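Accompanying notes for the structure given below.
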Amino acid sequence: MKNAVIGNNRQKANLIVLGAVPRLLYLLQQSSSSLELRTECAVVLGSLAMGTENNIKSLVDCHIIPALLQGLLCSDLIFIEACLRCLRTVFISPVTPVQLLYTDPTVIPHLMSLLSRSQHTQEYITQIFAHCCKELSGFSIYYCIFFFFMHVSVRMQALKCFSVLAYENAQVSMTLVNVLVDGEQLSQVFVRMMQRDKPIEMQLTAAKCLTYMCRAGAIRTDDNCIVLKTLPCLVRMCSKERLLEERVEGAETLAYLMEPDIELQRIASVTDHLVSMLADYFKYPSSVSAITDIKRLDHDLKHAHELRQAAFKLYASLGSNDEDIRKKITETENMMDRIVSGLSESSIKVRLAAVRCLHSLSRSVQQLRTSFHDHAVWKPLMKLLQNAPDEVLVMASSTLCNLLLEFSPSKEPILESGVIELLCSLTQSDSPALRVNGIWALMNMAFQADQKVKVEIVRALGTEQLFRLLSDPDTNVLMKTLGLLRNLLSTRPHIDQVMSSHGKQIMQAVTLILEGEHSIEVKEQTLCILANIADGNTAKELIMTNDDMLQKIKYYMGHSNVKLQLAATFCISNLIWNEEDGSQERQDKLRDMGFVDILHKLTQASDPNLCDRAKTAMQQYLA
């Protein structure tokens, strides 16, 4: 059986279908079976596990893991190694649930105790840990360090273990940064492992360890070990000389390292011509390899998607803050065309990375006015929005928000493409991020828009949905909805028209927000909406005939927060403005309600803006 299945996936599948696995597991677990037989069973199971992912699923479903873990309690080293080798093969498969290692709390301590039995036990156990140790508790870190300087193959697995443990884990990263190995800080040991004479895998994994420790806050971004060692090492990994897999890993790690830090982005952008170096990532498979070497072509094809994805990610990270870097990226050969074609690739990961790159570049006013317009990027973006998973939708709709800013030449053609219905549907999503982006895009669209566009937004969104969004539990959604309302209520004819048809509900929503437990920012935005209503010709009567609302404005004029005082005073200023019909009656009513006394007090305010606003309002009474 063993000889039949070695290197033959079809035979492996046949044996599994014929029911060999339960029988092998039965023999493996029988204490009456000889050790030789039990070892041979473990070896055959290990060989079956070397097949396809379906094989692994079948083995896991037959409860191979508890049987092999039980086998580790045996004292015979050869049998233990056979069980560990099979466990290693099962656990490094992406289809195996790693939780299966932790169902019995005695398993990890027992694996630790087996570490010192042989070089093979060290190797297999560290490989298992490297794949499953995201779940391990803190004490396992010290075991990793304990056998860190043993045999080279184990050292690599321990290093991988560190990188998995440190990823997005501040506690582990802080522990690692304080560890001393022979009197030297562990981070300095990692730095030595990035030297050019070390194996590439070691350099790359050590750079990943330092990257993750840095992102977790254990190492500063301006630390020499990051700026002078880790970053240059990762840039080196992106060069043509490296294997395609190494270039992918190098680029993705570098993108993650500098994502939040503008200084690292600037340094990377001028290191080893990185921006133009990444352009090579789009040149696989090359036409030469297609003619000369089928195996090479197959390899290139397999990695072409990953390369493009990594390049887009790194460009997105590089260009997320600095205008000059964005310009450099868009001027790289055929870059905008590559992004546009990336948006319609078959691979979802490439599409996501391409739209992330586009989003990063769309933060630039200059690029919105030039490259984005020249390449009509809004067209593939709109296509992408029609039918995509949520993570792509979030990034694509964020980009659309930028394309709808008033200075973007793409705004008009996007409007004409019937985008309003699509954005209104996003506001009904279960995902807060999509609701925010949908309403944000509508807010940008309504800014200084003509009446036709505003009427269409209100019609498509529907008043019911608009008011539902005004009571959304997510503050970002609420803020953007208030922003939309504020943009809809700008210029007098628009204010009067919107308030004549929806005034009652809008005033109700404003009342609820001003009475509710909301942040200063939310209340300030709401008072600004009220100030816009107060600027309408007929709309202002909705405030003047509502004594409850006037009392609220009065309360906020005397509030301890200057922003709220300013917004409330602006409201009153608009109500009493001299040049408008009925201003005398409004002034008289507000004087009787005590507003003049408050304005007089505010002319003495320590905040210069508030003081000026109050003086301007007071002048309306004196004119």
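The values are calculated or read from the model by the stated rules, or taken from the named source; none is laboratory data. These numbers were taken from a predicted model, which means no experiment stands behind them. So basically every Cβ, Gly included, is an ideal-geometry build from the backbone, and we count neighbours across all protein chains shown. When the accessible area is computed, the model is the full protein with side chains, heavy atoms only, and any ligands, DNA or RNA have been set aside. Shrake-Rupley method; radii C 1.70, N 1.55, O 1.52, S 1.80 Å.
Going by what's in this entry, would Ile65 be described as surrounded by fewer than 23 Cβ atoms within 10 Å (Cβ to Cβ), modelled with pLDDT of 95 or more, of a type outside the set (Gly, Ala, Ser) and under 41 Å from the mean Cα position of the chain (by Cα)? Break it down into steps so the answer makes sense when it comes.
Values: surrounded by fewer than 23 Cβ atoms within 10 Å (Cβ to Cβ): yes; modelled with pLDDT of 95 or more: yes; of a type outside the set (Gly, Ala, Ser): yes; under 41 Å from the mean Cα position of the chain (by Cα): yes.
For Ile65, the condition - surrounded by fewer than 23 Cβ atoms within 10 Å (Cβ to Cβ), modelled with pLDDT of 95 or more, of a type outside the set (Gly, Ala, Ser) and under 41 Å from the mean Cα position of the chain (by Cα) - is met.
Can you name the condition, by its number, that Ser519 falls short on among (1) crowded, with 16+ Cβ neighbours inside 10 Å; (2) small (Gly, Ala, Ser); (3) closer than 25 Å to Asn487 by Cβ?
(1)
Kindly check whether there is at least one residue in the range 530-540 that is assigned to a helix (DSSP H, G or I) and surrounded by fewer than 21 Cβ atoms within 10 Å (Cβ to Cβ).
Taking every residue of the range 530-540 in turn, none turns out to be assigned to a helix (DSSP H, G or I) and surrounded by fewer than 21 Cβ atoms within 10 Å (Cβ to Cβ).
Please specify each residue of the range 514-529 satisfying the condition of being assigned to a helix (DSSP H, G or I) and not hydrophobic (A, V, I, L, M, F, W, C).
Correct list: Glu515, Glu521, Lys523, Glu524, Gln525, Thr526.
Got a number for residues in the range 168-194 being open to solvent by 80 Å² or more (accessible area, probe 1.4 Å) and either assigned to a loop (DSSP other than H, G, I, E, B) or aromatic (Phe, Trp, Tyr) (or both)? Explain how you work it out, then say what you get.
Step one: list which residues in the range 168-194 are open to solvent by 80 Å² or more (accessible area, probe 1.4 Å), which gives 168, 171, 174, 178, 180, 182, 185, 192.
Those left that are additionally either assigned to a loop (DSSP other than H, G, I, E, B) or aromatic (Phe, Trp, Tyr) (or both): 168, 178, 182.
Qualifying residue count, the range 168-194: 3.
So which pairs qualify, if the first residue must be in the range 69-97 and within 12 Å of Leu28 (Cβ to Cβ), the second must be crowded, with 20+ Cβ neighbours inside 10 Å and of a type in the set (Lys, Arg), the Cβ gap must be under 8 Å, and the two must be at least 6 apart or on different chains?
From residues that are within 12 Å of Leu28 (Cβ to Cβ), the pairs are Gly71/Arg38; Cys74/Arg38; Phe79/Arg38.
Among the hydroxyl-bearing types (Ser, Thr, Tyr), surrounded by 18 or more Cβ atoms within 10 Å (Cβ to Cβ) and either within 24 Å of Leu403 (Cα to Cα) or at pLDDT 90 or above (or both): which single residue out of Thr475, Thr481, Thr491 fits that description?
Result: Thr481 is the single residue among Thr475, Thr481, Thr491 that is among the hydroxyl-bearing types (Ser, Thr, Tyr), surrounded by 18 or more Cβ atoms within 10 Å (Cβ to Cβ) and either within 24 Å of Leu403 (Cα to Cα) or at pLDDT 90 or above (or both).
Quick one: in the range 1-60, which of the residues that are open to solvent by 60 Å² or more (accessible area, probe 1.4 Å) and among the charged types (D, E, K, R) is nearest to Ser93 (Cα to Cα)?
Top of the filtered list is Glu53.
In the range 541-577, which residues are open to solvent by 50 Å² or more (accessible area, probe 1.4 Å) and among the polar types (S, T, N, Q)?
Scanning the range 541-577 gives Thr545, Gln551, Ser560.
Just for the range 428-484: of the residues that are more than 23 Å from His518 (Cβ to Cβ) and among the β-branched types (Val, Ile, Thr), which one is nearest to the chain's Cα centre (by Cα)?
Among them, the one singled out is Ile457.
Just need a number here: residues in the range 228-252 that are out of contact with any Phe, Trp or Tyr (no Cβ under 9 Å at 6 or more places or on another chain) and open to solvent by 10 Å² or more (accessible area, probe 1.4 Å). First the steps, then the outcome.
To start, the set of residues in the range 228-252 that are out of contact with any Phe, Trp or Tyr (no Cβ under 9 Å at 6 or more places or on another chain) comprises 228, 231-237, 239-243, 245-246, 249-250, 252.
Those still in the list that are open to solvent by 10 Å² or more (accessible area, probe 1.4 Å) too: 228, 232, 236, 239-243, 245-246, 249, 252.
Number satisfying all stated conditions: 12.
Out of Glu416, Glu421, Glu406, report the one residue that is open to solvent by 40 Å² or more (accessible area, probe 1.4 Å), at negative phi and touching a Phe, Trp or Tyr at 6+ places or on another chain (Cβ under 7 Å).
Working: Glu416 fails: touching a Phe, Trp or Tyr at 6+ places or on another chain (Cβ under 7 Å); Glu421 fails: touching a Phe, Trp or Tyr at 6+ places or on another chain (Cβ under 7 Å).
When all the criteria are applied, what remains is Glu406.
Anything in the range 56-88 that is touching a helix residue (DSSP H, G or I) at 6+ places or on another chain (Cβ under 6 Å) and not aliphatic (A, V, I, L, M)? List them, or say none.
Once the filter is applied, which keeps residues that are touching a helix residue (DSSP H, G or I) at 6+ places or on another chain (Cβ under 6 Å) and not aliphatic (A, V, I, L, M), the range 56-88 yields Ser58, Cys62, Gly71, Asp76, Phe79, Glu81, Cys83, Arg85, Cys86, Arg88.
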